[in-house]
1. Exactly one condition in (1) modelled with pLDDT under 70; (2) under 25 Å from PHE153 (Cβ atoms); (3) in a loop (DSSP other than H, G, I, E, B) is false for GLY19; which is it?
2. Which members of region 197-218 meet the condition of being surrounded by 16 or more Cβ atoms within 10 Å (Cβ to Cβ) and among the small types (Gly, Ala, Ser)?
3. Which of the residues spanning region 49-73 are of a type outside the set (Lys, Arg) and part of a loop (DSSP other than H, G, I, E, B)?
4. Here are ALA363, ALA323: which of them is modelled with pLDDT of 80 or more, surrounded by 10 or more Cβ atoms within 10 Å (Cβ to Cβ), among the small types (Gly, Ala, Ser) and touching a strand residue (DSSP E or B) at 6+ places or on another chain (Cβ under 7 Å)?
5. Looking at SER197, SER159, SER171, SER219, which is the one that is over 30 Å from THR100 (Cα atoms) and among the hydroxyl-bearing types (Ser, Thr, Tyr)?
6. Do you know which residues across region 335-364 are assigned to a strand (DSSP E or B) and not polar (S, T, N, Q)?
7. Residues that are outside the structural domain of LEU220 (by TED's automatic domain parsing), surrounded by fewer than 19 Cβ atoms within 10 Å (Cβ to Cβ) and under 16 Å from the mean Cα position of the chain (by Cα): list the strands (runs of 3 or more DSSP E) wholly contained in region 89-190 that include at least 2 such residues.
8. Show the residue pairs that are 6+ apart or on different chains and have beta-carbon atoms under 7 Å apart, the first residue being within region 11-31 and among the acidic types (Asp, Glu), the second being not in a loop (DSSP other than H, G, I, E, B).
Amino acid sequence: MSLFDAIFGQFIDVIGWTGDASDTLVWRFERHNNEIKHGAKLTVREGQAAVFVHEGQIADVFPPGLYKLKTSNLPILSTLQHWDHGFESPFKSEVYFVSTRRFTDLKWGTKNPIMLRDPEFGPTRLRAFGSYAMRVTEPGVFMREIVGVDDQFTTHEISAQLRNIIVSRFSNALATSRIAALDLAGNLDDLGEFVRSRIQPEMDAYGVEITKLLVENISLPPEVEKALDRRTSMGVVGDLKKYAQFQAAEALRAGAEAPGGLAGAGLGAGLGAAAGLAVAQGAAQLFQPNLGQPAPTPAPAPAAPPPPPAPPAQWHVAMGGAARGPFDAAQLSALIASGALSAETLMWRAGMEGWRNAGDIEALAPLFGARPPAPPPLPPSA
């Protein structure tokens, strides 16, 4: 090799990106005056793409591989530079490396509660948060629509925009899903995939793909959560009356075993826990041998009040092809007297399987009176 070739070889560029920043999406290759020698070596590693920008215009995009830059593999740049017959001299171009790997564990969440009408709680507010993963699928589009002339673009600079889109679409999906708040935990995966599919057409315009969207939690307002906790506690306790008697009995046992006996603090605690003297007396009977005293005779229970009268039956009548009513017995009698209701009229009330003729319903027999038997057949004429 001649001395000229050795000297010329020192000027052959080696263009590549070996940065290991975990949040860098785009990095511009640093070159003095953006000058690239003819025959420069371009190394594009897996998970990368190289984008050439000439005078502000997106030119050629290179996928992973090793390239020797020349006219044949720079068709767009050659057209922009008017290299009709090849070139040998250095040229100016900016080279951006775009990371096409998947970026995971990016966070999203609702800044303000989502207002919706829950089928069980009524109007309520919900908050949600989760994570998502994204990657660049179209480096040229991503450079043109998002990055611009930024020499180092990170996930932080695009995450706010993506988060706003996710929250907006998630809020709409949650409000229109009509899923009860207590059932949302069993539908988080479906909600996440539904929202991801809804926002992907918008991401295509940026050259970005949302590969995964996870809904990690949907929470109710603190006051609603407290009410649910109380409701759950009541379900665990079961019969509240028996539970109160048990508490009183335990407190009385502790009071009997204490040095001060029943006159001590244990009795006072027992009476308070029992929520009343009547419950404490009932519990004391359970532990009479331990107390060493006869149990007091309980006062006779007051007589139970008579039950309220049953509400009158309400009947629905089929008239003119539509259901009318409800009517009580007095109104039905008036309809029978006016001829608007007959034994063949279809009627129904709560508890019946279907509509029946009024004359076949035993409860309505008194309204129609006793039916005469069928008349005897006429004697044959002489």
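The values are calculated or read from the model by the stated rules, or taken from the named source; none is laboratory data. The model shown is predicted, which means the values in this text are computed figures rather than measured ones. Every residue, glycine among them, receives a Cβ derived from its backbone with ideal geometry; neighbour counts consider all protein chains shown.
1. (1)
2. GLY207
3. GLU55, GLY56, PRO63, PRO64, LEU69
4. None of the others qualify; the one that does is ALA323.
5. SER219
6. Once the filter is applied, which keeps residues that are assigned to a strand (DSSP E or B) and not polar (S, T, N, Q), region 335-364 yields LEU346, MET347, TRP348, ARG356.
7. Where strands (runs of 3 or more DSSP E) fall fully within region 89-190, none carries at least 2 residues being outside the structural domain of LEU220 (by TED's automatic domain parsing), surrounded by fewer than 19 Cβ atoms within 10 Å (Cβ to Cβ) and under 16 Å from the mean Cα position of the chain (by Cα).
8. Short answer, once both residue conditions are applied: ASP13/ILE36; ASP13/LYS41; ASP23/THR154; ASP23/THR155; ASP23/HIS156.
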